Amino acid sequence: MKLYSYFRSSASYRVRIALNLKNLPYDYVPVHLVRDGGEQLKPEYRKVNVDGIVPTFVDGNEVMPQSLAIIEYLEETHPEPPLLPAAPADRAYVRSVALQVACEIHPLNNLRVLKYLKHTLCLDDDAKDAWYRHWVEAGFTTLEAHLAGDSRTGKMCFGDQPTLADACLIPQVFNAQRFKVDTARFPTIQRIYDHAMQLDAFARAAPGAQPDAE
């Protein structure tokens, strides 16, 4: 198995968490998203992933983009320990939390959007960062209410065992803190993050623990 990754990419971070939770060894291939205009945009990497994004996951002859699709693939091919609960309604709940991060919060704040805001729309760094914080805080406000108000929330997003939801939430909290979002305003989210980061699988997946960390 091989993972094309960038240490600060939250989508790559999700897959690293899933691989670690399932105790699956893999080769880490760094793709620097900023150096020389972005290594993900070079022809060599476009041959691996035509979209020019990370992560890309390789398992034998199979080459897969998109973090959630990769994690679902890992869940189907290596079902233990499970990252989705057994009951259909609970699986839908876990997916809904994961998708709230991956589809509602993250797309507004990924690197391509931030570069467009800065280089095409000519926003300065303060305005760009304010954009980032606005959409994270808006998303976390509703996600906090969602998690705090549901009896299925435990030490993690669903009960006490890590799931797909946590694999998506933890990287988003890391990025929020990096952009100086006051995550203490979201106590349930902060509590889940603090607990997760005490677990080996999450700690080893953290950006600072990656071979390309700067």
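The values are calculated or read from the model by the stated rules, or taken from the named source; none is laboratory data. Owing to the predicted nature of the structure, the values given are computational and were not obtained by experimental measurement. Heads up, the Cβs are rebuilt from the backbone with ideal geometry, glycines too, and the neighbour counts pull from every protein chain shown.
Among the residues of segment 92-136, just one is outside any helix (DSSP H, G or I) and either within 16 Å of the chain's Cα centre (by Cα) or of a type in the set (S, T, N, Q) (or both), namely Asn110.
Residue-by-condition table, conditions (1) among the aliphatic types (A, V, I, L, M); (2) in contact with a helix residue (DSSP H, G or I) (Cβ under 9 Å, 6 or more places away or on another chain):
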{"position": "Gln40", "(1), (2)": "no, yes"}
{"position": "Pro55", "(1), (2)": "no, yes"}
{"position": "Asn61", "(1), (2)": "no, no"}
{"position": "Leu83", "(1), (2)": "yes, yes"}
{"position": "Leu108", "(1), (2)": "yes, yes"}
{"position": "Val113", "(1), (2)": "yes, yes"}
{"position": "His119", "(1), (2)": "no, no"}
{"position": "Thr141", "(1), (2)": "no, yes"}
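Annotation for segment 105-118: at least one member residue is on the phi < 0 side of the Ramachandran plot, surrounded by fewer than 15 Cβ atoms within 10 Å (Cβ to Cβ), assigned by TED's automatic domain parsing to the domain that holds Val181 and of a type in the set (Phe, Trp, Tyr).
Taking first residues from segment 62-82 that are within 15 Å of Ser9 (Cβ to Cβ) and partners that are in a strand (DSSP E or B), the Cβ contacts under 6 Å between residues at least 6 apart in sequence or on separate chains come to Pro65/Thr56; Ile70/Phe57; Ile70/Met64.
Residues of segment 198-214 that are assigned to a loop (DSSP other than H, G, I, E, B) and surrounded by 14 or more Cβ atoms within 10 Å (Cβ to Cβ): Leu199, Ala206, Gln210, Asp212.
The residues listed here are Ala98, Ala92, Ala138, Ala102; of these, the one that is in the same structural domain as Asp160 (by TED's automatic domain parsing), closer than 22 Å to Asp182 by Cα and loosely packed, with under 15 Cβ neighbours inside 10 Å is Ala138.
Of all residues being surrounded by 13 or more Cβ atoms within 10 Å (Cβ to Cβ) and of a type in the set (S, T, N, Q) in segment 20-42, which is farthest from Lys115 (Cα to Cα)? Just the residue, please. Checked segment 20-42; the qualifying residue farthest from Lys115 (Cα to Cα) is Asn20.
Taking the numbered list (1) touching a Ser or Thr at 6+ places or on another chain (Cβ under 6 Å); (2) within 21 Å of Leu68 (Cα to Cα); (3) not aliphatic (A, V, I, L, M) in turn, Glu144 passes all entries but (2).
Could you list, in sequence order, the residues of segment 39-69 that are among the charged types (D, E, K, R) and part of a helix (DSSP H, G or I)? Those that are among the charged types (D, E, K, R) and part of a helix (DSSP H, G or I): Glu39, Glu44, Arg46. Asp36 falls short on exactly one of the conditions (1) at positive phi; (2) assigned to a loop (DSSP other than H, G, I, E, B), and that condition is (2).
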